[in-house]
Amino acid sequence: MAKPAPQINTASMADIAFMMLFFFLVTTNLDVDLGLARMLPQMPDENQQQEDIMVNRRNVLVVQINLNDRISADGQPIDISQLKDRVREFILNPADNPNLSEKEIRDVENFGPYPITKGVISLVSDRGTTYDAYMRVQNELVKAYNELREEFSMQHYGQPYLKLTEDQQKVVRTIYNQAISEAEPKDIGRSARR
């Protein structure tokens, strides 16, 4: 009579598979998604009337990124390192320059009357713009607003923006409202050459 074939003990195979899975999960580097942290406005009420808001051309700073990742601000070529300062100048308009955004005195809740810019940053990119260039421009725009908020916080409250109370932060956000309009990508071509 022939001997029966020996069988392999598979009782510990599940444990080995689990340990291998755990090892690969722990040692694998996962790509981190880049993205924009944005609070979208609430959907308007269906019964609410929509109205078009006319914006004075003076109050719009058009930032374009062409398919070669070249940047321009109001049609003038600009380097990424200069963009933040250009946005700050546009928003602040310290000398009341008629080519920069105008200001309007508004009564800010919990603060009082303060001159607030009517300026809007309009970001237009080409369909061929790289994601990296788009994100670098976005970062510079946000950095300009963050610096203005930080300076205002230190000047009026004596502490950094993140250490302010929620009401104080709301005041700062009202005065330096991050007004960035992003248009759908277009075929800008080489219009923003350096």
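The values are calculated or read from the model by the stated rules, or taken from the named source; none is laboratory data. Everything numeric in this text was worked out from a predicted model, so none of it was measured. Using ideal geometry, Cβ is built from the backbone for each residue, glycine included, and neighbour counts are taken over all protein chains shown. SASA here: full protein model, heavy atoms, side chains in, ligands and nucleic acids out. Shrake-Rupley method; radii C 1.70, N 1.55, O 1.52, S 1.80 Å.
A compact table of results
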| read-out | value |
| --- | --- |
| Residue match in the range 134-155 (condition: loosely packed, with under 15 Cβ neighbours inside 10 Å and over 22 Å from the mean Cα position of the chain (by Cα)) | yes |
| Scan of the range 87-133 for residues that are under 24 Å from ALA183 (Cα atoms) and small (Gly, Ala, Ser), ordered by number | SER101, GLY119, SER122, SER125, GLY128, ALA133 |
| Which numbered condition THR129 misses (of (1) closer than 24 Å to ASN56 by Cα; (2) open to solvent by less than 30 Å² (accessible area, probe 1.4 Å)) | (1) |
| Residues of the range 146-155 classified as in contact (Cβ under 8 Å) with a residue 40 or more places away in the chain and within 13 Å of THR174 (Cβ to Cβ), total | 1 |
| Residue within the range 95-111 that is basic (Lys, Arg) and either over 17 Å from VAL62 (Cβ atoms) or buried (at least 16 other Cβ atoms within 10 Å of the Cβ) (or both) present | yes |
| Positions within the range 22-70 being open to solvent by 100 Å² or more (accessible area, probe 1.4 Å), modelled with pLDDT of 85 or more and aliphatic (A, V, I, L, M), in sequence order | LEU25 |
| Qualifying strands (runs of 3 or more DSSP E) (wholly inside the range 67-134; at least 2 residues being within 29 Å of PRO185 (Cβ to Cβ) and not polar (S, T, N, Q)) | 71-73, 76-78, 120-125 |
| Lone qualifier among ASP79, ASP74 - being surrounded by fewer than 17 Cβ atoms within 10 Å (Cβ to Cβ), more than 30 Å from HIS156 (Cα to Cα), modelled with pLDDT of 90 or more and under 23 Å from the mean Cα position of the chain (by Cα) | ASP79 |
